[in-house]
Amino acid sequence: MTSLPAGAPGRTYIGEAAPELSVLQRYSPLRLFFGPSFAKEMRVTGRKGSTYSYRFSYTMLLLLVIGMAFFGASASISGGGSAAALQQYQTIAPITATTIVWIQFVVLALLAPSLTAGAVADEKLSRTLPSLMTTPLPASEIILGKFSARLVLLLILAAIPTPILLSVRVFGGLPAASIAYSLGLSLSVFVLGLACGTLMSVRSQRSSAAAAGGLGLFVSIVMLPLLAIFALERADRLSPEMGERLWLVFSPATLGMVSQSAFESGESPRIVPAIVYNLGFSAVALGLAVFSCRRVLNRYAAFDAPGPVKNKKQNEPSDRAEGKGRWPWRRARDTRAEGAPTGPEAPESDSSPGAAPSATAAKKPGGLLFASTSREVWDNPILWRELRQPAFTGRVKFGVVVGAAVLFWLWFAFAGGSTGDSVTAVHAMVAFTGLMIFTVQVASRTAGAFAKEREAGTLDTLLTAPVRLRRIVLAKTAGPFRQLWFVPAFVLFHFGVVGVFSGTAGPLFVVHLALIFAGTAIFIGGVGALFGLVLKRALIASTLAQGAGLVLWLILPAMYALLVALFYRVQYPPDYMEHIMDAMLIINPFVLLSEAFEAGVIHVLQYRFSTQTATYGVYFDQELGPVVFTLILVGGVVLATLAAAAAVLVACKGFNRFVGRPS
């Protein structure tokens, strides 16, 4: 319901339940999770093509993984007696089941925040959120209904490999309890991902931003026990009991224990702490989502209030309305500016009479230029607008993030020693997690550059600018990088200043890190811009851009390795096939980062007082020097640039067809 009529007593808040319902009826789980909001979401999502695209893509991926795992396990079976062959066949089921469980755990956990990212953000974008205020639905029923509808879709995806997991038990060696434990733990992680996506959907304006934020929040919650272990270990306050408790609530470690129990018979793994941890944070995230949704609905209702909104300072004169600053020194400065000579005593302007004053020539009283308020547009107004988009939506968020980074560096520098496995673990977490987050951010921002214009209905207005199509595509491809400076700056500062100063990282590793980040950003940025132009939804374009990297970096090498293993089961493959595999690994940024981390961090910590030179090429079965490895990274950046240029060229050639413009 909306606001009360003018003069009516009492106060009505949007998002509260109808007063005729009792407390038990209002908070009934059946009504909250499976009410009208759930029914509407199930009807809408069941008619979307993306729902069936997710199911088809996930099924094809599972079939590929199952085939690779099954043939790989069966290829290791050698001859012998019947008893030996039977014992070897019993390893097929655990290997196949473990592979399926881990692939499902990783893929659906990363997909879960994207499923709920558009729950409320799409309502804001389509301007249908005010329509929800005309219904007697409370905020809790709206949020939980949307959440449960997405949960049903995720349960369908999670149930796809279940018949295969049960059918491979005919080979023996796979207890049914291991399957039940792995599915229960995985479902709790999926629920956490959905809850994080729902919370960020309420707090974001676009689904692509909600997906990226939900994924970051989800990864942070999952990694929180591991971070606590590192912090307590560096402070020498980690007891064995506390370490075991924190390790049990770390979901990947618990799933590793479940996978190990499939091969070894023994005590049942303890999965209850991890499930309680995930479901507890899920409940907190959903509660915050309900509270935030209630505030959003009340904010929308404030525009329809019958009377003026009360303000304590509405009768006080506003300094900012008169053009004065709110800080004392700014008010004094503005007061001095008011006393400046005007009229005949004022100095003449350098500009000619009748000429419009230049915005860039306007000066502050102290002589500083108004750089942030300049309205001088470049020759490419699209790029000018994209480069003016801020990385943070407010100074408070920027201050909180920078403050957290500074506290992290102070803790790393002064808490505990500067050697040991904990330092290596912290460096690895910063490097690999930073690369993963940066990849997701690049895919989200570049893919949403065109898609968000189409979703907001401003693409036609954008095309009226007197700019060539090539400049528009280049501006939309390069412009979003202006907003993505913080993660690479944090990682490079961590290793370039903190790591080098503390002697835990080599200077050359910083150069390698910059090249790896640059190549990844260029490739994903070009592909994301192309997908954002071709597809209509920013969320789907972002997901496909990330999927392109997953296919190129993981699936293609795995398929090639499987084919080589099938065709050369008896003899060794030729050398050129190994070189092809090396070429596939060279373009994988995570493999290159592993090589650089091995020599730039681990080798430095082990031989910090030695003159032994680090070597590269562990994953390539050969030793490479620092110069050769650096040249390989430079070649990778060049290949990424060529791939991105090809994607931009395709976008320019098919621009009119992609946007539906006749010419």
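Give Leu469, Leu474, Leu508 a once-over and let me know the one that is within 30 Å of Thr630 (Cβ to Cβ), in contact with a Cys (Cβ under 9 Å, 6 or more places away or on another chain) and in contact (Cβ under 8 Å) with a residue 60 or more places away in the chain.
On inspection, the qualifying residue turns out to be Leu474.
Part of a helix (DSSP H, G or I), crowded, with 22+ Cβ neighbours inside 10 Å and either in contact with a helix residue (DSSP H, G or I) (Cβ under 7 Å, 6 or more places away or on another chain) or on the phi > 0 side of the Ramachandran plot (or both): does that describe Ala443? So that I can check it myself, show each step before the final result.
Values: part of a helix (DSSP H, G or I): yes; crowded, with 22+ Cβ neighbours inside 10 Å: yes; either in contact with a helix residue (DSSP H, G or I) (Cβ under 7 Å, 6 or more places away or on another chain) or on the phi > 0 side of the Ramachandran plot (or both): yes.
Criteria met by Ala443.
So His603 clears everything in (1) farther than 30 Å from Val473 by Cβ; (2) at pLDDT 85 or above except one condition, right? Which one?
It fails just one condition, (2).
Starting from the stretch 398-416, keep only residues that are among the aliphatic types (A, V, I, L, M), then list their pairs with residues that are modelled with pLDDT under 75 and loosely packed, with under 15 Cβ neighbours inside 10 Å whose Cβ atoms are within a distance under 8 Å, requiring at least 6 positions of separation or different chains.
Listed by first residue and then by second, the contacts come to Ala415/Ala235.
Restricted to the stretch 229-281, and to residues that are open to solvent by less than 50 Å² (accessible area, probe 1.4 Å) and among the aromatic types (Phe, Trp, Tyr), which residue is nearest to Val191 (Cα to Cα)?
Tyr277
Within the stretch 408-424, is even one residue part of a helix (DSSP H, G or I), over 30 Å from Ser594 (Cα atoms) and either open to solvent by 20 Å² or more (accessible area, probe 1.4 Å) or charged (D, E, K, R) (or both)? Show your work before the answer.
Applying the first criterion (part of a helix (DSSP H, G or I)) to the stretch 408-424 yields 408-414, 421-424.
Filter again for over 30 Å from Ser594 (Cα atoms), leaving none.
No, every residue in the stretch 408-424 fails to be part of a helix (DSSP H, G or I), over 30 Å from Ser594 (Cα atoms) and either open to solvent by 20 Å² or more (accessible area, probe 1.4 Å) or charged (D, E, K, R) (or both).
Could you figure out which of (1) in a loop (DSSP other than H, G, I, E, B); (2) open to solvent by 30 Å² or more (accessible area, probe 1.4 Å); (3) more than 30 Å from Arg295 (Cβ to Cβ) isn't true of Gln205?
(3)
Can you name the residue in the stretch 498-525 that is over 21 Å from Ile632 (Cβ atoms) and of a type in the set (Gly, Ala, Ser) and is also modelled with the highest pLDDT among such residues? Break it down into steps so the answer makes sense when it comes.
Within the stretch 498-525, the first condition is being over 21 Å from Ile632 (Cβ atoms), and the residues that meet it are 498-504, 525.
In the following step, the residues that additionally are of a type in the set (Gly, Ala, Ser) were identified as 499, 502-503, 525.
On the way: Gly499: 85, Ser502: 80, Gly503: 82, Gly525: 91.
Going through the qualifying residues, I end up with Gly525.
Could you please find all residues in the stretch 500-534 being in a helix (DSSP H, G or I), more than 25 Å from the chain's Cα centre (by Cα) and of a type outside the set (A, V, I, L, M, F, W, C)?
Residues satisfying the conditions are Ser502, Pro507.
In the set Phe56, Phe34, Phe70, which member is open to solvent by 40 Å² or more (accessible area, probe 1.4 Å), at pLDDT below 80 and either in contact with a helix residue (DSSP H, G or I) (Cβ under 9 Å, 6 or more places away or on another chain) or closer than 30 Å to Ile95 by Cβ (or both)?
Phe70
Could you go through the stretch 460-475 and let me know if any residue there is charged (D, E, K, R) and farther than 24 Å from Gly525 by Cα.
Among the residues of the stretch 460-475, not one is charged (D, E, K, R) and farther than 24 Å from Gly525 by Cα, which makes the answer no.
Go over the candidates Gly193, Gly197 one by one and state the one that is touching a Gly at 6+ places or on another chain (Cβ under 6 Å), modelled with pLDDT of 90 or more and closer than 30 Å to Phe291 by Cβ.
One residue alone meets the criteria, Gly197.
Looking at the stretch 647-660, is at least one residue in a helix (DSSP H, G or I), within 27 Å of Ala558 (Cα to Cα) and modelled with pLDDT of 80 or more?
Initial filter on the stretch 647-660 (in a helix (DSSP H, G or I)): 647-653, 655-659.
In the following step, the residues that additionally are within 27 Å of Ala558 (Cα to Cα) were identified as 647.
Narrowing further to those that are modelled with pLDDT of 80 or more: 647.
The answer is yes; a qualifying residue exists.
Of the numbered conditions (1) open to solvent by less than 20 Å² (accessible area, probe 1.4 Å); (2) without any contact (Cβ under 8 Å) to a residue 24 or more places away in the chain; (3) of a type outside the set (Ser, Thr, Tyr), Val551 fails exactly one; give the number of that condition.
Unmet condition: (1).
The values are calculated or read from the model by the stated rules, or taken from the named source; none is laboratory data. Here the structure is a predicted model, which is why all the values come from computation and not from measurement. Because the Cβ atoms are built from the backbone with ideal geometry, glycine has one as well, and the counts that use them run over all protein chains shown. Each accessible area value is taken on the protein alone, full model and side chains, heavy atoms only, with ligands, DNA and RNA left out. Shrake-Rupley method; radii C 1.70, N 1.55, O 1.52, S 1.80 Å.
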